[in-house]
Amino acid sequence: MKKEEKFEIVYAISLITQIGITVSVITILFIGLGYWADGYFGTLPIFVIIGAILSFLFSMFSVYRLVLPVVNKAEK
C-alpha cells in the first residue's frame, strides 16, 4: 500500500469522525437548550422542537462545510 493511499484512508476516517462528533455535539447542545428553556418557561414541547429543527439545520451546514473541500478536490 502506497503512502498516499494510507493518507487517504486516515483522512477518510478522520472526516467521518469529525462529522459524527459535530452532529452529536450540535444535536445535544440545541435539544438540551430547548429542554432547559421549556423547563424554565413551562412550555415543554415547543423549544425542544425548535432546538431539534435548529440542530438539523446547523448540523447539515457543518457537514457541508466539512465535506466541501473533499468535493472540490475530487472535481479537480
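The values are calculated or read from the model by the stated rules, or taken from the named source; none is laboratory data. Just so it is clear, the model here is predicted, and its values are computed rather than measured. Quick reminder, even Gly has a Cβ in these numbers, built from the backbone with ideal geometry, and neighbours come from all protein chains shown.
Results, tabulated for the structure shown:
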quantity: Top-ranked residue of the stretch 36-76 - restricted to ones that are at pLDDT below 95 and touching an Asp or Glu at 6+ places or on another chain (Cβ under 9 Å), ranked as surrounded by the fewest Cβ atoms within 10 Å (Cβ to Cβ); calculated: P45
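Condition check ((1) among the small types (G, A, S); (2) closer than 30 Å to I53 by Cβ; (3) touching a residue at least 12 places away in the same chain (Cβ under 8 Å)) across all residues:
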residue: E4; (1), (2), (3): no, no, no
residue: E8; (1), (2), (3): no, no, no
residue: Y11; (1), (2), (3): no, no, no
residue: S14; (1), (2), (3): yes, yes, no
residue: T17; (1), (2), (3): no, yes, no
residue: T22; (1), (2), (3): no, yes, yes
residue: I26; (1), (2), (3): no, yes, yes
residue: I31; (1), (2), (3): no, yes, yes
residue: D38; (1), (2), (3): no, yes, no
